[in-house]
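Asks: Mind looking over this structure? Questions follow.
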Amino acid sequence: MPKVTYVQQDGTETVLDLPPGTTVMRGAVAAGVRGIVAECGGNLMCATCHVYAAEAALFPEPTADEDELLDCTAEPRRDDSRLSCRLTLTDLTRDLSIHVPGAQT
């Protein structure tokens with residue numbers, strides 16, 4: 001089972017064991033991880049589940065829609081920026097470190 005570590009701006013960490021098939025966003029929202037707003041519920045209509053994922057290369061490349069939304073994030077876009085609703089865990093997913101931006105809206 002993949003282990004996802006959510007790291008807040010102040011260094012606080014929340015570690016969750018999440019089943020394959022879950023997205024990084026759904027796991028965070030279900031556990032009440034602060035900083036993952038997810039206003040659209042994972043429907044790729046907002047950018048309020050923006051995260052910095054050092055292991056982003058483990059996931060498929062962002063679609064054109066995700067890429068466009070990443071230009072609208074509250075915190076600066078970086079090379080490792082992703083929408084956590086697009087990061088679906090699989091049986092092959094290793095442990096992840098997800099950094100939560102300071103603001104989502």
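Asks: Do we have V51 as without any contact (Cβ under 8 Å) to a residue 60 or more places away in the chain, within 16 Å of T88 (Cβ to Cβ) and either open to solvent by 30 Å² or more (accessible area, probe 1.4 Å) or not small (G, A, S) (or both) here?
Replies: yes
Asks: Test of understanding: among T22, T73, which residue is farther than 15 Å from V7 by Cα and touching a residue at least 60 places away in the same chain (Cβ under 8 Å)? Step through it out loud before you land on a result.
Replies: Values: T73 fails: touching a residue at least 60 places away in the same chain (Cβ under 8 Å).
Residue meeting the stated conditions: T22.
Asks: Output the number of the condition that E39 fails; it satisfies all remaining conditions of (1) of a type in the set (D, E, K, R); (2) at pLDDT 95 or above; (3) closer than 20 Å to Q8 by Cα.
Replies: (2)
Asks: Related question: Tell me whether region 28-45 contains one or more residues that are in contact with a Pro (Cβ under 9 Å, 6 or more places away or on another chain), closer than 18 Å to T105 by Cα, β-branched (V, I, T) and surrounded by 12 or more Cβ atoms within 10 Å (Cβ to Cβ).
Replies: Step one: list which residues in region 28-45 are in contact with a Pro (Cβ under 9 Å, 6 or more places away or on another chain), which gives 35.
Still in the list and also closer than 18 Å to T105 by Cα: 35.
Still in the list and also β-branched (V, I, T): none.
Scanning region 28-45 turns up no residue that is in contact with a Pro (Cβ under 9 Å, 6 or more places away or on another chain), closer than 18 Å to T105 by Cα, β-branched (V, I, T) and surrounded by 12 or more Cβ atoms within 10 Å (Cβ to Cβ).
Asks: I've got another one for you. Which of the residues that make up region 76-105 are without any contact (Cβ under 8 Å) to a residue 60 or more places away in the chain and either touching an Asp or Glu at 6+ places or on another chain (Cβ under 6 Å) or of a type outside the set (A, V, I, L, M) (or both)?
Replies: Within region 76-105, the subset without any contact (Cβ under 8 Å) to a residue 60 or more places away in the chain is 76-83, 92, 103.
Listed by number, the residues that qualify are P76, R77, R78, D79, D80, S81, R82, L83, A103.
Asks: Only residues that are in a loop (DSSP other than H, G, I, E, B) and hydroxyl-bearing (S, T, Y): list them for region 66-81, please. I'd like the intermediate steps shown before the answer.
Replies: Going residue by residue through region 66-81, those that are in a loop (DSSP other than H, G, I, E, B) are 71-80.
Passing the criteria: only T73.
The values are calculated or read from the model by the stated rules, or taken from the named source; none is laboratory data. Remember, it's a predicted structure, so these values are computed and weren't measured experimentally. We place every Cβ from the backbone using ideal geometry, glycine too, and count neighbours over all the protein chains shown. Note: areas computed on protein heavy atoms with side chains; ligands, DNA, RNA excluded. Shrake-Rupley method; radii C 1.70, N 1.55, O 1.52, S 1.80 Å.
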